[in-house]
Amino acid sequence: MKKLLFMLPLLLLLVQCKSKKTSLQDEEEIDADEFIAFFPETTLPFRMADTSLLNASDTSLHIGYRIFTQFIPDSFLQKDFGKNARPAVYAMGRIAEKGKETYLLARAVQGKKRVVYLAAFNKKDEFLNAMPLVKAGFGNATASYGLVDKKFQITTYQERRRRGELTYKKNVYFFNSETNDFTLISTEPNEDIIENVINPIDTLAATGKFAGD
């Protein structure tokens, strides 16, 4: 009897190890539950800066492209990497909101371009939607970060250099379960508004009454 009690924890450990996937390569066949369980549990708040994306990816968390796009549509990757691109994808984290959605954090890398995506799944492990949380290696962006706080509010921040001026945009979202969409609830300031602000020095002639005022 004592021998059986001693062996029981070992048997349970073997069962757990067998049930949890240690890799997600394209030749494997998995279901949505296994796909979601592959992502390591992450505590909130979660913050990722673009500078952190320059670090090497954890190869043990690599996900085959076919496997990844089986559960998260490749259209999200194509928006950032191009129609024929096949970026390498890595699991980063898993966050479950009690009684609601589960969110997966995935990192996609191709060349200098790097993106962390936030994907939402319902309680039936069905994909709902996804959005980029933070990007690096795109255009004239000088700094950016993404944040998921303890209230499950999602913040994206990006700075750009335009015409010698530094502008920024900070957006805050929440996931709307009724529409299955990441809904924008605040933004400050809007880059487009900044770009369209009239500069009297540029627009008025030097002889104008209010030139340089």
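The values are calculated or read from the model by the stated rules, or taken from the named source; none is laboratory data. These numbers come from a predicted model, not from an experiment. All Cβ positions, even for glycine, are placed from backbone atoms using ideal geometry, and neighbour counts span all protein chains on display. Please note that ligands, DNA and RNA were not included when accessible areas were found on the heavy atoms of the full protein model with its side chains. Shrake-Rupley method; radii C 1.70, N 1.55, O 1.52, S 1.80 Å.
Inclusion of ALA136 among residues that are touching a Phe, Trp or Tyr at 6+ places or on another chain (Cβ under 7 Å) and either surrounded by 15 or more Cβ atoms within 10 Å (Cβ to Cβ) or farther than 18 Å from LYS112 by Cα (or both) is not warranted.
Scanning region 140-194 for residues that are open to solvent by 60 Å² or more (accessible area, probe 1.4 Å), hydroxyl-bearing (Ser, Thr, Tyr) and in contact with a strand residue (DSSP E or B) (Cβ under 6 Å, 6 or more places away or on another chain) yields a count of 3. Filtering region 76-130 to residues that are hydrophobic (A, V, I, L, M, F, W, C) and over 21 Å from PHE152 (Cβ atoms) leaves LEU77, PHE81, ALA85, ALA88, VAL89, ALA108, VAL109.
Kindly provide the set of residues from region 102-112 that are modelled with pLDDT of 95 or more and either basic (Lys, Arg) or in contact with a Lys or Arg (Cβ under 8 Å, 6 or more places away or on another chain) (or both), ordered by number.
Those that are modelled with pLDDT of 95 or more and either basic (Lys, Arg) or in contact with a Lys or Arg (Cβ under 8 Å, 6 or more places away or on another chain) (or both): THR102, TYR103, LEU104, LEU105, ARG107, ALA108, GLN110.
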